[in-house]
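Enquirer: For reference, the structure I am asking about is given below.
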Amino acid sequence: EERPDNSLEIIAEKPSYRVGDTARYLVQNPFPGARALVTVERYGVLQSRVQTLESATPIIELEIREDFLPAFFLSVVVMSPRVEKPPADGRVDLGKPAFRMGYVKVPVTDPYKEIRVQVEPRRDTYKPRERVEVNLKAAVRHPAAPEPIELAVTVLDESVFDLLAQGQDYFDPYKGF
């Protein structure tokens, strides 16, 4: 894979994380001792901090929070300091600051925000135009996430799943959307 000249390589310790994990990333840093802007992004910036990257291969750590589900992006922008004053005589400025930027998508595979839904129809099969009665029960999987639950019901013939490449996963917000 070819990367632009100003890209920064970020290597995750694991392919995915769970809520409460400490994620660790190795950064291949061309500017040891330089400061970096580290952000966690998901529909905007969730966290940001400035951190000095002391070595050429520093480790950046962050705690995975429930609002990072189902995935987030880690961004690191490292800026080299100016190493010398700019030349006054119009020569090329070899000491000017430079930057490198890296961006990595991080999946969070955790049932933390999942809702268990139990569907119990009164009968196993129905014919077209018959009235269907179903008992629905929904509960949050994680007790620390007691948010109000709102249900939306969609009725499909089972043959519709055969027409979708993802089948039932098409309707799973963690897999399909």
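Enquirer: Taking every alpha carbon pair in the chain, what does the distance histogram look like in 10 angstrom bins from 0, in percent?
Expert: Answer for the chain: a P(r) of 8, 24, 23, 17, 13, 8, 5, 2, 1 percent.
Enquirer: Related question: Looking at the chain as a GNM with Cα springs under 10 Å, which of Asp110, Asp89, Asp21 has the largest mean-square fluctuation?
Expert: Of the options given, Asp89 has the highest mean-square fluctuation.
Enquirer: Can you work out ³J(HN,Hα) from phi for every residue in the stretch 126-138, in order, using Karplus 6.51 cos²θ - 1.76 cosθ + 1.60 and θ = phi - 60°, giving whole Hz and x for Gly and Pro?
Expert: Whole-Hz 3J(HN,Hα) from phi for the stretch 126-138: 9, 9, x, 6, 7, 6, 10, 10, 9, 9, 10, 10, 9.
Enquirer: Using a 7 Å offset from the Cα along the Cα-to-Cβ direction at both Ser48 and Asn6, what is the distance between the two label points in nm, to one decimal?
Expert: 1.7
Enquirer: In addition: Pick from Glu63, Glu13, Glu133: which is most flexible by mean-square fluctuation in a GNM of the chain where alpha carbon atoms under 10 Å apart are linked?
Expert: Its mean-square fluctuation being the largest, the pick is Glu133.
Enquirer: Moving on to the next point. Contour minus end-to-end for Leu151 and Asp172, with contour as 0.36 nm per residue of separation and end-to-end as the Cα-Cα distance?
Expert: Working it through step by step, the gained length comes to 6.1 nm.
Enquirer: Is it possible to state the helix-based mean residue ellipticity at 222 nm for the chain, with each DSSP H run of 4+ residues giving -39500 (n - 2.57), the sum divided by total residues, to the nearest 500 deg cm²/dmol? What is it?
Expert: -500 deg cm²/dmol
Enquirer: From largest accessible area down, sort Phe72, Phe99; use a 1.4 Å probe on the protein chains.
Expert: Phe99, Phe72
Enquirer: Residues with amide H under 5 Å of Asp21's amide H, sequence separation 5 or more or different chain, H placed in the peptide plane at 1.01 Å from N; which?
Expert: Sorted by chain and number, the residues that satisfy this are Ile64.
Enquirer: Continuing with this model, one more query. Can you give the accessible area per residue of the chain, in Å², using a 1.4 Å probe?
Expert: Per-residue accessible area for the chain comes out at 74 Å².
The values are calculated or read from the model by the stated rules, or taken from the named source; none is laboratory data. Keep in mind that what you see is a predicted model, and the values were worked out from it rather than measured. Positions of Cβ are backbone-derived with ideal geometry, glycine not excepted, and every protein chain shown enters the neighbour counts. Calculation scope for accessible area: heavy atoms of the full protein, side chains included, ligands and nucleic acids excluded. Shrake-Rupley method; radii C 1.70, N 1.55, O 1.52, S 1.80 Å.
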